1. May I ask you to compute the full-extension gain from residue 79 to residue 16, defined as 0.36 nm times their residue separation minus their alpha-carbon distance, rounded to one decimal in nm?
2. What net charge do the residues around residue 62 carry, taking every other residue with its C-beta under 13 Å from that of residue 62, with Lys and Arg at +1 and Asp and Glu at -1?
3. Run the numbers on the chain and let me know its relative contact order in percent, using alpha-carbon pairs under 8 Å that are six or more apart.
4. From the helices alone, meaning DSSP H stretches of at least four residues, give me the mean residue ellipticity at 222 nm for the chain, per-run term -39500 (n - 2.57), in deg cm²/dmol to the nearest 500.
5. May I ask which residue of 28, 13, 76 lies farthest towards the positive end of the charge dipole of the chain, with charges of +1 (Lys, Arg) and -1 (Asp, Glu) on Cβ and the Cα centre as origin?
6. Given a 1.4 Å probe, how much area per residue of the chain is accessible, in Å²?
7. Which of the lysines could a cross-linker bridge to residue 50, judged by Cα under 16 Å and excluding same-chain residues fewer than eight apart?
8. So, by mean Cβ neighbours within 10 angstrom, what's the order for 93-105, 58-70, 9-21 with the highest one leading?
Amino acid sequence: MEVRLPGRPITDQQKALYMRERKHHNQAVAAARAGMSERTARRHEKDPRKPSERQAARGRTVPDPLAGVWESELVPMLERDPSLKPVTLMHYLMRNHPESFPDQEVRRTLERRVRDW
């Protein structure tokens, strides 16, 4: 039986198996047989819907703070010199766009974006 890793979604088949096993066994045994944690089993017992019917996770909830400068300014700078550090780019933004980037509020976003680039 496959052991589920944290963050991997439970399938409809797993939930059905859990619910069948739950009729004959306690929660811990039924969850183990279905390949899920007890905590996940408790959550699925409370919610009668199939996992495929549950609402999808939300996407970005805040507008992208780098939308106006990423493609037009920062990517060309990184293409010229890939060794540029996110801190250097942050200082560039604070110096050239003080109204949009008055402080280092978006530093982590910039670090993730540079890492993924």
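The values are calculated or read from the model by the stated rules, or taken from the named source; none is laboratory data. These figures come from a predicted structure and were not determined experimentally. Every residue, glycine among them, receives a Cβ derived from its backbone with ideal geometry; neighbour counts consider all protein chains shown. Remember, those area values only see protein heavy atoms, side chains included, never the ligands or the DNA or RNA. Shrake-Rupley method; radii C 1.70, N 1.55, O 1.52, S 1.80 Å.
1. Values: separation 63, 0.36 × 63 = 22.68 nm, distance 5.09 nm.
Roughly 17.6 nm would be gained on extension.
2. Numbers: positive: 58, 60, 108; negative: 64, 105.
Around residue 62, the surrounding residues sum to +1.
3. Relative contact order here is 18 percent.
4. My calculation for the chain gives -13500 deg cm²/dmol from helical runs alone.
5. Checked the options; the winner is 28.
6. Values: 8430 Å² over 117 residues.
Spelled out: the 1.4 Å probe surface of the chain, per residue, equals 72 Å².
7. By straight Cα distance, residue 50 reaches 15.
8. Highest mean packing first, the order is 9-21, 93-105, 58-70.
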